[in-house]
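Any read-out appearing in this document is the output of simple, stated calculations on the displayed coordinates, not a laboratory observation. Fair warning: this is a prediction, and the values are worked out from it, not measured in the lab. Glycine gets a Cβ as well: all are built from the backbone with ideal geometry, and neighbour counts include every protein chain shown.
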Number of protein chains: 2
Amino acid sequence: MTQDLHDVAVVAKDARTAYEESLHLLSELSPAEADAARSDTLREIAAALERLEHEIKAANERDVEEATLLAKQGKLSKQMVSRLDLFAKPGKWDSMVKGVRDVAKLASPLDICTRATRLAEGQEGAGGALDMYSVTCPIGVLLCIFEARPEVIVNIASLAVKSGNAAILKGGKESRRTAAVLARCIAEALSRSVLPLNLVQMVNTREEIQHLVKMDEFIDLVVPRGSKELVLSIQNETRIPVLGHADGLCSAYVHSDAPHALACALVLDSKLDYPSACNAIETLLVHKDHLTSGLWKELAIALLTKGVRLHCDARSLEVVRNEVLPTHDVASLVEAATKADYKTEYLDLELAVRVTDHVEAAVDHINRNGSGHTDIIICAPCSGAKKSMSAAAIFTRSLSSSSVFVNASSRFADGFRFGFGAEVGISTARTHARGPVGLDGLVTYKYIVKGDGDVAHTVGAFAPGENARAWAHTPIEKVYPSV
Amino acid sequence: MTQDLHDVAVVAKDARTAYEESLHLLSELSPAEADAARSDTLREIAAALERLEHEIKAANERDVEEATLLAKQGKLSKQMVSRLDLFAKPGKWDSMVKGVRDVAKLASPLDICTRATRLAEGQEGAGGALDMYSVTCPIGVLLCIFEARPEVIVNIASLAVKSGNAAILKGGKESRRTAAVLARCIAEALSRSVLPLNLVQMVNTREEIQHLVKMDEFIDLVVPRGSKELVLSIQNETRIPVLGHADGLCSAYVHSDAPHALACALVLDSKLDYPSACNAIETLLVHKDHLTSGLWKELAIALLTKGVRLHCDARSLEVVRNEVLPTHDVASLVEAATKADYKTEYLDLELAVRVTDHVEAAVDHINRNGSGHTDIIICAPCSGAKKSMSAAAIFTRSLSSSSVFVNASSRFADGFRFGFGAEVGISTARTHARGPVGLDGLVTYKYIVKGDGDVAHTVGAFAPGENARAWAHTPIEKVYPSV
């Protein structure tokens, strides 16, 4: 074993031990007391951040300085530099610290009873029912990998602690000085809390990550947040479940009966509110009726005059050439779509456009080309015609995407907007947590079966025969079982 | 591409297309109507089985004949032959057919609203609320791999159809003739139903499976049922999520205050009710007080006289040597435990034994050696002493196993016994479905956001400023959204 691999195996093992220790330490507390202990730790993190603000600021300035230099040499994007800076944008620092206290205040995702069944009634005289409960519990050890933004270290650490997990965090190398001080804050807070010090650990290099993603005996979930390349490389290297998304290839479909003003407003918001977000649309599907209804022309003018480059199929291109270009000087923004355009996540002011003959064709297009992130249909309002409702029903039921919206901007696909309080990320997986993932995505569940009374609850007692016990299988109150 | 790989790619692609088509076909129906259509298909399967009973019997006889010959040559176990036979054991055939109709009657796991939130109220005058719903939906395409028992083909096909998924099934080669006729029954039933013919397909060879587990663009979940070797080899070959368990290394811990009769009955049931089951215990942890309380001696005698071989640690071995062997002729069943014994799933009349000083040591032992399947604590009944309750609380909260039982046999870890009606298998994964998995484990969920009224529900409308819309984030009634 190389020294490197050895060190990283120690980190992984320490994380597992810390996770198990934390369960031990809190196991004699009630669920509410355990949550209070976790939330107290978060408040310690917030306090430590405030205590070390000047030191964090100094470290962050040095990271920003170095990044600025690299940006001048063209080795780093300006966007990256601005993401790195914790203090330039007013309120960014304060909202990071406040975020930690907000997570502390969220309802605990743990120890929630989601199913409770009486398996068998007690026997007359002898007493002793047999009850089954499904209760939420932490997943275990999380490995969280993200790029530039140093505040994500603090966010993810808070979410991990609140949800009872251990975490190993890796930020971008550009933010390493800031990250080191933030990690010290978290360590200080843990050392003042009842939780084990190694519950949150940091690693620094890609090589460490390459080792860690192989350690499925210690690590239970990988959460990569960042570029498509980052997520894909993680997905390819690990057998551990990955929570995240590589692509946000979102589409909007404008049905035949969509009101024009509604369609324009929703398409513009979905594309333009934040073009580089994963929940911005990359493809616009337009029902063929709108080639002549005037809506496609209206949409094209609205998008082109906002500077959006359109990659059009033959039918939509013809309308733009005949009805838009003669009166608008935007020819440079219009081109014929290639097959690849419908598979491209532009993350920029570009949009692929295709005309479809009916809602089913739109669904087929999205099934073949989309990434299962967020897709929307724009149609006559729900209080309106039966015909449109049917299109919305077909769209919402036929698509397997994690978020399917009717007459709402794709940009609503977001944990905060969904009311989750905090967001772990957005997942396009088909199992476990999907769509915008809040604290709920960092927990799993276990079954607790509790046999009451002096009865020996054996399966033998249920074997056919005289005096055999009978299955009850009736729902009982969903409460955390008192054992 | 070899012909083999080409053929198997067609199977996978056809499954995906059939899945998408089935969503299309049912998308204009209400959730209840769609469930009725799926359940009708199941009743068609049951009818087809009854129609073709003689043909199935003839095929099964030939499979059994061949297997019997192989068993005589020592190439196959007798157990395998008996598992293969659909007709020898009275009621086996009938209960298989009845099982299909029982699954049809189960409540649909689909289209259930598990969360509903009003994201924003409508604006006065303009109307139009913005609501978010989380609703259950199928996962997609399942790849189910299992060994000898031919009835599993019918079980899994029923569960897949009921939960709205497509399935590719692969049985053992010993049952290939039976499987071929069963597959014809399923195909006939599908051809009489509204669902696509390719919704359930069969493949026959291991080579096909090796290709299929790589096709993550078409397949969403792999369900291997069978030996540890089968499950491990699948887990090692695929990046697709796997639902199942390689090991069932279950433990029972007998706490200091456990009543003797209760402990004996529960340990015997957990070990002896069906020793080759995955939920039978393989390790017995005994609190040190029972070295002198007489309970360990009692347990040892009960187990040894039932023919259970005991692999004992030093302390438990001493008691057996001094207090059991002088009066019982069972010395050949007693041996010193090695480290490996605590990691061994015997699936037979063997048990590893270890004395622990307290409940925390038992938890540590299970965390280090167990497989996260099912672990039980035996202690003073829940109506009893506070001290014991604390041990049960520590045990249930500190263990991450998917099933943790208090004073109940480990053999209750089973989908039927949990009241799920049908069992897909038992999963030891930390994410998605865990423990005994019913139909619920074959579904996932998606978010549907519905914007009402003529309002354009843009995120721009929520941007700070005059007339900004406000987030409501209030719970609303959990119903399937009408769109």
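Numbers below:
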read-out	value
Relative contact order, percent, the range A:256-394 [alpha-carbon distance under 8 Å, six or more residues apart]	32
Length-normalised contact order for chain B - Cα pairs under 8 Å, 6+ apart - percent	19
Crossing angle, helix B:295-305 versus chain B [Cα axis fit, 0-90 degrees, rounded to tens]	90
Pair A:Asp440, A:Lys78: separation of 7 Å Cα→Cβ label points (nm)	4.1
Extended-chain gain in nm, criterion 0.36 nm per residue less alpha-carbon gap, B:Asn204 and B:Leu25	61.5 nm
R0 of 25 Å, Cβ-Cβ distance A:Arg62-A:Asp94: FRET efficiency to nearest 0.05	0.70
Two-site FRET efficiency, A:Arg184 against A:Leu70, from Cβ-Cβ distance with R₀ of 25 Å, rounded to 0.05	0.50
Chain A, closest residue to the rotation axis toward B, by beta-carbon, whole angstrom	A:His432, 2
Backbone N under 18 Å from the A:Glu50 label point (7 Å along Cα→Cβ), restricted to the range A:99-113	A:99-106
Whole-Å distance, taken between Cα centres, linking the range B:92-152 and the range A:55-129	31
When each of A:Lys13/A:Lys98; B:Lys173/B:Lys214; A:Lys446/A:Lys478; A:Lys478/B:Lys228 is checked by Cα-Cα distance, pairs over 23 Å	A:Lys13/A:Lys98; A:Lys478/B:Lys228
Distance (nanometres) between label positions extended 7 Å along Cα→Cβ at B:Asp4 and B:Glu477	5.8
Low-density loop cleavage sites - GluC sites (Glu not before Pro) in the range B:183-281, where at most 14 other Cβ are within 10 Å (DSSP)	B:Glu217
Cα pair count fraction exceeding 21 Å, expressed as % - the range A:49-180	56
Which of B:Val359, B:Val320, B:Pro241, positive extreme of dipole for the range B:221-366 (C-beta unit charges)	B:Pro241
Charge dipole (debye, nearest 20) of chain B; +1 at Cβ of Lys and Arg, -1 at Cβ of Asp and Glu	800
Exam field: A:Glu477 pseudo-label spacings to other copies (7 Å along Cα-Cβ), nanometres	2.6
Estimated vicinal HN-Hα couplings, Hz - the range B:158-175 in sequence order (Karplus 6.51, -1.76, 1.60; Gly, Pro = x)	4, 5, 5, 5, 4, 8, x, 9, 9, 9, 10, 10, 9, x, x, 5, 5, 9
Calculated P(r) tail over 19 Å for the range A:398-466, as whole % of Cα pairs	56
Cα-based reach from A:Lys105 at 19 Å (exclusive), listing lysines while leaving out same-chain residues under 8 positions away	A:Lys162
In sequence order, calculated HN-Hα J values of the range A:204-220 (Karplus, 6.51, -1.76, 1.60; Hz; x Gly/Pro)	10, 10, 4, 5, 4, 4, 4, 6, 4, 5, 8, 8, 6, 6, 10, 10, 10
Cα-based radius of gyration of the protein assembly as shown once divided by 2.2 N^0.38 Å, which approximates compact folds	1.00
The range B:31-62: GluC sites (Glu not before Pro) falling in loop per DSSP and having at most 10 other Cβ within 10 Å	none
Descending Cα extents along the principal axes, chain B, whole Å	88, 67, 42
For the range A:246-309 versus the range B:412-483, the gap between their alpha-carbon centres in whole angstrom	27
Computed [θ] at 222 nm, helices only, for chain B once each DSSP H run of length n ≥ 4 contributes -39500 (n - 2.57)	-12500 deg cm²/dmol
Point-to-point label distance, A:Arg115-A:Leu347, nm (Cα→Cβ direction, 7 Å offset)	3.9
Residue-by-residue Karplus 3J(HN,Hα) for the range B:282-294, coefficients 6.51, -1.76, 1.60, Hz, glycine and proline x	10, 9, 10, 10, 10, 4, 4, 4, 7, 5, 10, 6, x
Lysine-lysine proximity count for the range A:250-418, Cα under 25 Å, sequence distance 8 or more or distinct chains	17
Positive-end residue, the protein assembly as shown charge dipole about Cα centroid, Cβ charges, pick of B:Asn467, B:Leu268, B:Val479	B:Leu268
Degrees separating the helix B:386-398 axis from the principal Cα axis of chain B, which is the longest one	50
Partner chain coverage, peptide B:422-434 - average Cβ within 10 angstrom	4
Dipole magnitude of the range A:250-418 about its Cα centre (Cβ charges: Lys, Arg +1; Asp, Glu -1), debye to nearest 20	300
Cα-derived Rg to Rh of the range A:250-418, Kirkwood definition	0.93
